[in-house]
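Bear in mind that the values in this text are calculations on the coordinates, not laboratory data. Everything numeric here is computed off the predicted structure, so don't read it as measured data. For neighbour counting, all protein chains shown are included, and Cβ atoms are generated from backbone atoms with ideal geometry for every residue, glycine included.
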Amino acid sequence: MADAPRLNVEFLTSAATLAQCPPQAGPEIAFAGRSNAGKSSVLNRLTGSRRTAKVSKSPGRTQLLNFFDVAGGGRLVDLPGYGYARAERAAQAKWQESVNEFLSHRDALAAVVLVMDIRHPLQPFDLELMEWAHPSEMPLLILLNKADKLKRGAQGKVQSSVQKAVADQPLTSVQVFSAMTGQGLPELVAILERWLAG
Ligand code: GDP
């Protein structure tokens, strides 16, 4: 796997509000997902470094937007994981405030990667983000992570059903992925490089 494709990134800074975000420089790709969907693992696999998402998971940073410079230009922005419902109402409200602000007003935002657990796709939070992306004309990649938990046939079935759900959204695409095995990594890197190139 020495030549496995990946993105070279370096942690830049964290922000709690839009005003705190660093000055814009090149296209930004945001990563969103429900807690536990595997967003951190996807970022680690993508960058070939466990350090990447460790930054975002360090104490005090889990509720922040974390910015990473990509070698060659552009940035990845790790959005706070969206918590499970019920116990986390207050945290959710806060999530919505900072993230909504970022999604709505960050001009550099070029695309969003939405990480889902392939066994539990299209949860209410996912649908909300998709309902925002479509009218905003924001390119959206749905990453069906943890594919290793399903056989190939079952993976294909979920992919088809999610593709059907977004059939009327031309800027949305659906990829099967496994942070654990690296399945789908070359495809993901290719899509991100295209977006980062503008
Ligand atoms: P986050 O909360 O979305 O950042 O999720 P994490 O990356 O911390 O992952 C949550 C749990 O799912 C951890 O136990 C990971 O090891 C596991 N996980 C993440 N991605 C995969 C995957 O592709 N396959 C499998 N089997 N487990 C995964």
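The stretch between SER136 and ARG51 holds 27.4 nm of extra length on full extension. This uses 0.36 nm per residue minus the Cα-Cα distance.
Only DSSP H runs of four or more residues enter the estimate; each adds -39500 (n - 2.57), and after division by the residues of the chain the mean residue ellipticity at 222 nm equals -10500 deg cm²/dmol. Of all DSSP bridge pairs formed entirely within the stretch 9-196, close to 30 percent run antiparallel. Averaging the sequence gap over all C-alpha pairs within less than 8 Å and six or more residues apart, then dividing by the number of residues, gives the chain a relative contact order of 26 percent.
The share of Cα pairs per 10 Å bin across the stretch 9-196, counted from zero up to the longest distance, runs 9, 40, 39, 11, 0 percent.
The residues neighbouring GLN183, those whose beta-carbon lies less than 13 Å from its own, together hold a net charge of +3 under the Lys/Arg +1, Asp/Glu -1 convention.
Measuring r between the beta carbons of LYS149 and GLU101 and using R0 = 41 Å, the FRET efficiency lands at 0.75.
Please give, to one decimal in nm, the separation of the simple spin-label points placed at ALA16 and GLN169, each 7 Å out from Cα toward the Cβ. Output for this residue pair reads 3.1 nm.
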